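One structure below.
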Amino acid sequence: MNEQDEYWMRRAMALAARAEQEGEVPVGALVVHEGECVGEGWNRSIGHHDATAHAEIMALRQAGERLGNYRLLNSTLYVTLEPCMMCAGAMVHSRIRRLVYGAADAKTGAVDSVLQLLATPGLNHRIDWQSGVLAEACSTQLSDFFKRRRAEKKAARKQAAELPASVDKTGVSGG
């Protein structure tokens, strides 16, 4: 792990915080090409009603538009969470040179954890990757989000259960 990787990962974490502010799972990503950030993204699947609006996809799209080419040769993608299979596939197709990610994803990680898609023999492009950059901070950002979300749901269930019998669950008085 080097200072550059930590610097860019901290920027990706700031993008993840933006996702959280929008009610999304806090994952952030950015594409760096020749030392310059050319694409940023954060999870937007809920707000965009789009299963493909993951942080990585958003960053790759913006980088492609900015560079005028979907092939992002000599670029590095930084992301706070290990990419899923969709995002790993998009990285191969975009021809990024390198992937750097923070937290592992034991449920859907497609680089090291569940699948190892980037190591699949026969792919037409190879990507170098580095895992675990600021892993603890990235993991904490995600786990804190899910703890808050569970607490909010629990509080809402408790509040609904405490409504008087004369008020139905929609808040309308009976009678």
Worksheet, complete the sentence: The alpha-carbon pair-distance distribution computed for the stretch 3-154, with 5 angstrom bins and whole-percent values, is 2, 10, 21, 24, 22, 13, 5, 2, 1, 0
Worksheet item: What is the packing order of peptides 68-74, 155-161, 79-85, 139-145, taking the mean over residues of other C-beta atoms within 10 Å and listing the highest first?
Response: 79-85, 139-145, 68-74, 155-161
Worksheet item: Once you charge only the Cβ atoms, +1 for Lys and Arg and -1 for Asp and Glu, what is the size of the charge dipole of the chain about its Cα centre, to the nearest 20 debye?
Response: 460 debye
Worksheet item: Rounded to two decimals, what ratio of Rg to Rh does the stretch 59-149 give with C-alpha atoms and a Kirkwood Rh?
Response: 1.00
Response to the item:
Only helices counted: for the chain, with every DSSP H run of 4 or more residues adding -39500 (n - 2.57) and the sum spread over all residues, [θ] at 222 nm is -13500 deg cm²/dmol
Discussion item. Positive end of the dipole of the stretch 3-154, charges at C-beta (+1 Lys, Arg; -1 Asp, Glu), about the Cα centre: which of Ile46, Phe145, Val25 has its Cα farthest in that direction?
Written reply: Ile46
Worksheet item: Once both axes come from the Cα atoms, what is the angle between helix 55-67 and the longest principal axis of the chain, in degrees from 0 to 90, rounded to 10?
Response: 40 degrees
Worksheet entry | Rh (Kirkwood; distinct C-alpha pairs) - the stretch 51-101, Å | 10.8 Å
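Where a number appears in this text, it was derived from the coordinates with a stated rule and is not lab data. It should be emphasised that the depicted structure is a prediction, and the values quoted were computed from it without experimental measurement. Cβ coordinates were reconstructed from backbone atoms using ideal geometry, including for glycine residues, and neighbour counts include every protein chain displayed.
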